[in-house]
Amino acid sequence: MSGRPRDPHVRPALHWRILIVFAGTVLVWLFVYHDALLGRDYDRPTHVARAVLTTLLVVPLVVAARRLLDRRPWTGLGLPSLRTGWRHLLLGMACWLVPAALGFALCLGFGWVEISVRTSAADALRVAALLVALVFLYEALPEELVFRGYLYRNLATRLPAWQAVTGQALLFTLFGFLVGAATSPDRLLLFLVFALLLGAFRLATGDIWAGIGFHLAFQTVAQLFGEIGGVFDVTGATVLSLVALGGLPFSLGWIAMRRLHRDRLRWQAVEPDHAS
């Protein structure tokens, strides 16, 4: 059998690449969460197992998709080494933590929220440190790698940046709905706004480390002061969520990022994805 050799740069159509990776990501989260071996009830060992398993499945998925479907170098996904990206990681964390601290101060100072510790300070610190690692493996790294890394990058090769940011945000919101994490109107809105913000961070910095930092800080503190952490009793949790966990960090964090990186915010730009 004879024929012309296959061109290594010929790739599946864009919509197929996006669909394959999106579907694979949804299946990973459904498998991890509904795995009969782990069960659906929450406990700390199960959380650890799910976090490790998620990263072990998602990272190879993206690596394989980038190599076999995109046929493009890894560098295009916006995940340089931590040695290069640590500044953006800390910047993203600061963009959430500093406004959140202001929000906590306002909520406590005006008496809108009351917080008491269920356990010792040492135990609270231990749980906080563990949650940092678990959030990084279960949410921050894999979700940013897929949505602000792979999917955003592919969309940005054909669409203006603002459309790529919007597209990955809509996919992230659909993902939340399909895996059962966002089934109410308020949760769907949270997923959409969060993803739009993280997509804008990706555009502003050129990589996903700032988004990982912001995602990591937000999810860790939200879980620490919620039932997953199990170390604080919070009265006025709704106000705390609206002011300190969401409203102030999302708005002030974006204002800070926009001022620091306004020279990179080219909303109409299309980014070609070169083969080398």
Residue within the stretch 221-244 that is within 27 Å of Ala124 (Cα to Cα), of a type in the set (Gly, Ala, Ser) and touching a Gly at 6+ places or on another chain (Cβ under 7 Å) present: yes
Residue among Ala122, Ala49 that is free of Cβ contacts under 8 Å to residues at least 24 places away in the same chain and in contact with a Leu (Cβ under 6 Å, 6 or more places away or on another chain): Ala49
Do any helices (runs of 4 or more DSSP H) lying entirely in the stretch 85-200 carry at least 1 residues that are out of contact with any helix residue (DSSP H, G or I) (no Cβ under 7 Å at 6 or more places or on another chain), and which ones are they? 121-135, 161-178
Of the conditions (1) over 30 Å from Arg17 (Cα atoms); (2) out of contact with any Pro (no Cβ under 7 Å at 6 or more places or on another chain); (3) surrounded by 21 or more Cβ atoms within 10 Å (Cβ to Cβ), Ala128 fails just one. Which one is it? (3)
Exactly one condition in (1) free of Cβ contacts under 8 Å to residues at least 60 places away in the same chain; (2) in contact with a Leu (Cβ under 7 Å, 6 or more places away or on another chain) is false for Val179; which is it? (1)
Look at Ile212 and say whether it is in contact (Cβ under 8 Å) with a residue 60 or more places away in the chain and either under 21 Å from Asp263 (Cβ atoms) or buried (at least 21 other Cβ atoms within 10 Å of the Cβ) (or both). yes
Determine which member of the set Gly111, Gly39 is modelled with pLDDT of 90 or more, surrounded by fewer than 19 Cβ atoms within 10 Å (Cβ to Cβ) and at positive phi. Gly111
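The values are calculated or read from the model by the stated rules, or taken from the named source; none is laboratory data. What you see is a predicted model, and the numbers here were worked out from it, not measured in a lab. Neighbour counts run over all protein chains shown; Cβ positions are idealised from the backbone, glycine included.
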